[in-house]
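Enquirer: First, the structure itself, so that you have it in front of you.
The values are calculated or read from the model by the stated rules, or taken from the named source; none is laboratory data. Predicted, not measured: the structure shown is a model, and the values here were computed from it. Quick reminder, even Gly has a Cβ in these numbers, built from the backbone with ideal geometry, and neighbours come from all protein chains shown.
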Amino acid sequence: MINTTFVLKFSKESLLEKLVHDILTLKEAQNACILAHNYQPGDIQDIADFVGDSLELSNIVTHLPNPTIVFCGVSFMAETAKILSPEKTILLPEPTALCDLAESIHKEDLQQLKKQYPHASVVCYVNSSIETKALSDYCCTSANALKIVESIPADTIIFIPDQGLGSWIQEKSHKEIILYPGSCPIHFLLDPHEISRTWEHYPKAALITHPEANKAVRDMSTYVGGTGGMIQYAGETSFDTYLVATDIGMIHRLSKEYPTKRFILAAEKIECKDMKSISLQKIHYSLLHNYSPIEVDPSVAIAAKRAIQNMMDIQQK
Ligand code: SF4
């Protein structure tokens with residue numbers, strides 16, 4: 001008698017192997033490179049040439065010889081890569097993969113704030129649209145936000161769009177920080193009570209949290225930092241177990257990086273749906289049909305690049 005479960009499993013694995021093989025063949029034929037954000041599903045991280053945070057990946061793009069980049073992330077990330085490498089074809093395999101945080105502010109909102117605080121400088125989290133970056137003085141990441149805020153001459157800073165990261169910076173800086181009420185629904189709505197209940201099961205674990213989280217969750221954490229900071233922290237500390245208060249994709253990334261340590265999601269369903277809207281099938285389609293290349297308005301891109309460059313100049317000091 002034929003074992004149908006075995007046959008189904010076997011054929012599923014064969015199909016997956018063939019799909020991965022086809023992606024890698026297409027990638028080589030087109031001299032393309034696949035980049036995946038830390039929040040991407042594990043199977044995508046596993047076939048990517050580079051896995052990292054958004055700015056890290058955009059910086060990598062500038063040094064790559066490949067003319068085509070498949071950027072597995074959300075639209076503002078692919079857009080940032082295009083701003084920094086306009087000569088390259090940047091493919092976003094799922095064009096509807098947006099970031100709710102980046103979408104939470106429009107250029108009219110920022111224009112209004114600038115009118116209200118004419119002497120303030122605008123610091124814009126990299127999780128923002130090209131139009132928002134173009135109206136800003138400086139970009140920042142979660143890792144360098146405090147350094148950027150502290151380094152610029154202005155005493156008043158309009159910090160957009162994330163109130164989670166912005167209020168975290170506000171706690172650490174002596175400057176006047178004007179916040180915008182944007183937020184990442186994945187991080188800002190984390191429930192501290194739910195996290196406490198998880199922690200009761202692992203009392204010796206460290207809780208590592210993204211600064212986009214709300215204050216109650218940040219305050220109870222052992223460490224607060226962006227995805228790059230979390231990777232570094234887990235490498236430098238000796239906890240057996242880490243409760244991870246950021247997207248589930250980081251569990252895959254951290255577990256691969258440190259296989260002897262245990263990484264557990266701090267609450268159920270911490271998952272960015274847009275980040276998970278990319279699949280191996282969509283990457284294959286994207287490479288096969290050159291789908292969907294990022295286009296940016298060159299004049300807006302020049303202004304947005306200036307804000308990114310201003311950040312990089314401070315970062316390198
Ligand atoms: S996790 Fe939040 S900030 Fe990150 S891409 Fe998703 S919505 Fe945007």
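Enquirer: Name every residue in segment 235-253 that is crowded, with 18+ Cβ neighbours inside 10 Å and away from the ligand (no atom under 16 Å from the Cβ), in order of residue number.
Expert: Residues satisfying the conditions are F239, Y242, L243.
Enquirer: Given K256, K282, K305, which one is in a helix (DSSP H, G or I) and in contact with a Pro (Cβ under 7 Å, 6 or more places away or on another chain)?
Expert: Checking each option against the conditions leaves just K282.
Enquirer: What do you reckon, is P161 within 16 Å of the ligand (Cβ to nearest atom), surrounded by fewer than 18 Cβ atoms within 10 Å (Cβ to Cβ) and under 16 Å from the mean Cα position of the chain (by Cα)?
Expert: Criteria not met by P161.
Enquirer: Can you give me the number of residues within segment 123-157 that are more than 15 Å from the ligand (Cβ to nearest atom) and over 19 Å from V74 (Cα atoms)?
Expert: Of the residues in that region, 18 qualify.
Enquirer: Considering each residue of segment 189-219, count those that are closer than 25 Å to C140 by Cα and surrounded by fewer than 18 Cβ atoms within 10 Å (Cβ to Cβ), and give that number.
Expert: 4
Enquirer: Quick one: H63 ticks every box in (1) at pLDDT 95 or above; (2) within 20 Å of G226 (Cβ to Cβ); (3) away from the ligand (no atom under 15 Å from the Cβ) bar one, so which box is it?
Expert: (2)
Enquirer: Among the residues of segment 75-86, is there at least one that is part of a helix (DSSP H, G or I), away from the ligand (no atom under 16 Å from the Cβ) and without any contact (Cβ under 8 Å) to a residue 12 or more places away in the chain?
Expert: No, segment 75-86 contains no residue that is part of a helix (DSSP H, G or I), away from the ligand (no atom under 16 Å from the Cβ) and without any contact (Cβ under 8 Å) to a residue 12 or more places away in the chain.
Enquirer: When you go through (1) crowded, with 18+ Cβ neighbours inside 10 Å; (2) hydroxyl-bearing (S, T, Y); (3) within 16 Å of the ligand (Cβ to nearest atom) one by one for S277, which number turns out not to apply?
Expert: Failing condition for S277: (1).
Enquirer: Next question. Within the group I178, I148, which residue is under 26 Å from C272 (Cβ atoms), at pLDDT 95 or above and outside the structural domain of Y242 (by TED's automatic domain parsing)?
Expert: None of the others qualify; the one that does is I148.
Enquirer: Also, I was wondering about something else. Collect the residues in segment 203-230 that are away from the ligand (no atom under 16 Å from the Cβ) and either hydrophobic (A, V, I, L, M, F, W, C) or within 17 Å of G42 (Cα to Cα) (or both), keeping them in residue-number order.
Expert: Passing the criteria: A205, A206, L207, A216, M220.
Enquirer: Within segment 96-110, how many residues are surrounded by 15 or more Cβ atoms within 10 Å (Cβ to Cβ) and within 16 Å of the ligand (Cβ to nearest atom)?
Expert: 9
Enquirer: Would you point out which residue out of I270, I314, I283 is within 16 Å of the ligand (Cβ to nearest atom), surrounded by 15 or more Cβ atoms within 10 Å (Cβ to Cβ) and in contact (Cβ under 8 Å) with a residue 24 or more places away in the chain?
Expert: I270
Enquirer: Output the qualifying pairs, or none if there are none: Cβ atoms under 7 angstrom, residues six or more apart or on different chains, first residue in segment 41-55 and without any contact (Cβ under 8 Å) to a residue 24 or more places away in the chain, second residue outside any helix (DSSP H, G or I) and surrounded by 19 or more Cβ atoms within 10 Å (Cβ to Cβ).
Expert: What qualifies is D49/C33; D49/I34; D49/L35; F50/L35.
Enquirer: Could I ask something else about it? With the condition kept exactly as written, say whether any residue in segment 111-122 is within 16 Å of the ligand (Cβ to nearest atom) and in contact with a strand residue (DSSP E or B) (Cβ under 7 Å, 6 or more places away or on another chain).
Expert: Within segment 111-122 (the criterion being within 16 Å of the ligand (Cβ to nearest atom) and in contact with a strand residue (DSSP E or B) (Cβ under 7 Å, 6 or more places away or on another chain)), the answer is no, since none of the residues qualifies.
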